[in-house]
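In what follows, a structure is listed as structure tokens, so that the remarks can point back to it.
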Amino acid sequence: MDEVGRFIDRSNTNAEKYTLRQKLFGTDEVTPMWVADMDLATPACVLNALKERLEHPVMGYEIMKRSGFEAQCAWVKSHHGLEISPEWLSYSPSVVASIGCAIRAFSEEGDEVIVQSPVYPPFYDMVRINKRTLLLNPLHRDREGMYRFDLDDLRSKITPKTKLLLLCSPHNPVGRVWSPEELRALGEVCLEHGIRIVSDEIHCDIVYPPHKHTPFASLSPELFASTVTLMGPGKTFNMAGFSISTVCIGDERMRDLFNHERMRVHFGDGAALSHVAFESAYRDGGTWHRELMLHLGVNRSMMAAWCASIPPISHYSPEGSYLAWLDCRSLGLGDRQLREFFAREAGLGLSAGLGFGKEGSGFMRLNFAVSSAILEEALEKIENALQRSGYV
Ligand SMILES: Cc1ncc(COP(=O)(O)O)c(C=O)c1O
């Protein structure tokens, strides 16, 4: 395979995915395929820019450079067709921190925040920890395993206290890349009720053709004026370890409210090396990203072919992200047993579906952003474990 897909040994590098194995799975003897980063090298353009920066010996405070924001604006325009201005962007150490900040900026304690389960667990945590009320609007799963918004359920639950929607687009863990029509219909409900939208678009660059990511803020001038868009290079270029992302708010009043809250928790302006990594990734990472998508496409097809041949496990091939949401319900195992089956019998550390909400019961999430050889080995391990246990 190409350079992007080569095997990289991350054990003993303080990678969370590896270091926490004992704690999470009770053993270090599992291939970790859980946390959403890639076991693939960060682009050479980023590593080279960092080496060059390290030639200068002073590592004092730095600020986000306008040229960094401009590089992100150019990327978003060319990849997603949305024209944004550097003035609308601000630095954030993490998308999750931005979600918390937006919740505080645009709602009061006791207000309701919509979360569409199953979803990335910090969505729930941020609502609860900020003393807002979770308004759960579960995604509807059709016969083919495709998830959709349930707008009737949403309409029936909205109250005058409903202030914010936390949208995951593309969606982790179910892998949907929402169509413009789906997003517009959801947006109309929000506009009818004066609900603002926090659109977490961190996975927006990992999308498989023919699907296309639609930035929520691009749908209409009204939705542009009600939306906070969260993006960053962490997933796209595998550089989550740099703790750098951005908040994009086109509406000036909303931006002021957010910035006030941002000051209260002192987001700061980021780290010297992160600024360099951020700018070089968005400016020079295009070729690498194209190769990445080819590699992930190969692994995604491998997953789909494998699942089609293993009846007890099924999945709807993700339209975006490198996460496969495996439906294991026909194994008939409880959630704890299911997790143990994968860890002990198959030797794999996956994310338990239940962690994404009760709708995730019986599911497991597998991160396939690894070399194709490692993925092949992992699928073989599952198959062998199923055979030994009499499932196939
Ligand atoms: C949907 C989603 N949002 C946010 C994050 C984390 O972003 P950050 O590390 O910038 O907080 C993840 C990581 O897996 C994610 O899947």
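Would a scan of the stretch 201-211 turn up a residue that is in a helix (DSSP H, G or I), buried (at least 24 other Cβ atoms within 10 Å of the Cβ) and not assigned by TED's automatic domain parsing to the domain that holds Y322?
no
Take R184 and decide whether it is part of a helix (DSSP H, G or I) and surrounded by 15 or more Cβ atoms within 10 Å (Cβ to Cβ).
Yes.
For the stretch 50-82, enumerate the residues that are surrounded by 11 or more Cβ atoms within 10 Å (Cβ to Cβ) and in a loop (DSSP other than H, G, I, E, B).
M59, E62, I63, M64, K65, G81, L82
Quick one: is L296 among the aliphatic types (A, V, I, L, M), within 16 Å of the ligand (Cβ to nearest atom), assigned by TED's automatic domain parsing to the domain that holds I8 and surrounded by 15 or more Cβ atoms within 10 Å (Cβ to Cβ)?
Yes; evaluated as a whole, the condition is true for this residue.
Look at the stretch 131-180 and say how many of its residues are among the aromatic types (F, W, Y) and either more than 23 Å from A102 (Cβ to Cβ) or not assigned by TED's automatic domain parsing to the domain that holds H213 (or both).
Residues meeting the conditions: 1.
Within the stretch 339-356, restricting attention to residues that are part of a strand (DSSP E or B) and within 16 Å of the ligand (Cβ to nearest atom), which residue is surrounded by the fewest Cβ atoms within 10 Å (Cβ to Cβ)?
Within the stretch 339-356, the match that is surrounded by the fewest Cβ atoms within 10 Å (Cβ to Cβ) is A352.
Restricting to the stretch 230-250, give me the number of residues that are hydroxyl-bearing (S, T, Y) and within 13 Å of the chain's Cα centre (by Cα).
Number satisfying all stated conditions: 2.
Of the residues that sit in the stretch 191-200 and are among the hydrophobic types (A, V, I, L, M, F, W, C) and surrounded by 24 or more Cβ atoms within 10 Å (Cβ to Cβ), which one is nearest to I103 (Cα to Cα)?
Across the stretch 191-200, the extreme among qualifying residues is V198.
Give me a count of the residues in the stretch 170-206 that are under 20 Å from G250 (Cβ atoms), within 15 Å of the ligand (Cβ to nearest atom) and touching a Lys or Arg at 6+ places or on another chain (Cβ under 8 Å).
So the answer is 1.
Considering only residues of the stretch 238-263 that are aliphatic (A, V, I, L, M) and away from the ligand (no atom under 12 Å from the Cβ), which is nearest to A369 (Cα to Cα)?
This residue is I249.
I'd like to check something: does the stretch 214-227 contain any residue that is within 18 Å of F258 (Cα to Cα) and among the β-branched types (V, I, T)?
yes
Would you check which residues across the stretch 290-331 are of a type in the set (A, V, I, L, M) and in contact with a His (Cβ under 6 Å, 6 or more places away or on another chain) and list them?
Of everything in the stretch 290-331, those that are of a type in the set (A, V, I, L, M) and in contact with a His (Cβ under 6 Å, 6 or more places away or on another chain) turn out to be A324, L326.
Condition test on E222, is it at pLDDT 95 or above, surrounded by fewer than 23 Cβ atoms within 10 Å (Cβ to Cβ) and out of contact with any helix residue (DSSP H, G or I) (no Cβ under 8 Å at 6 or more places or on another chain)?
The answer is no for E222.
Which residue pairs have Cβ atoms closer than 6 Å, lie 6 or more positions apart in sequence or on different chains, and pair a first residue in the stretch 250-264 that is in contact (Cβ under 8 Å) with a residue 40 or more places away in the chain with a second residue that is of a type outside the set (V, I, T) and crowded, with 16+ Cβ neighbours inside 10 Å?
G250/W88; G250/F224; L257/A105; F258/A105; E261/C101; E261/R104; E261/A105; R262/C101
Given the criteria small (G, A, S) and surrounded by fewer than 15 Cβ atoms within 10 Å (Cβ to Cβ), does G175 qualify?
Taking the combined requirement at face value, the residue does not satisfy it.
Residue under question is G347, and the condition is that it be touching a strand residue (DSSP E or B) at 6+ places or on another chain (Cβ under 7 Å) and on the phi > 0 side of the Ramachandran plot; does it hold?
yes
Looking at the stretch 134-156, can you tell me whether even one residue there is closer than 21 Å to R300 by Cα, in contact with a helix residue (DSSP H, G or I) (Cβ under 9 Å, 6 or more places away or on another chain), within 16 Å of the ligand (Cβ to nearest atom) and assigned to a loop (DSSP other than H, G, I, E, B)?
No, every residue in the stretch 134-156 fails to be closer than 21 Å to R300 by Cα, in contact with a helix residue (DSSP H, G or I) (Cβ under 9 Å, 6 or more places away or on another chain), within 16 Å of the ligand (Cβ to nearest atom) and assigned to a loop (DSSP other than H, G, I, E, B).
The values are calculated or read from the model by the stated rules, or taken from the named source; none is laboratory data. Since we're looking at a predicted model, the values are computed, not measured. Every residue, glycine among them, receives a Cβ derived from its backbone with ideal geometry; neighbour counts consider all protein chains shown.
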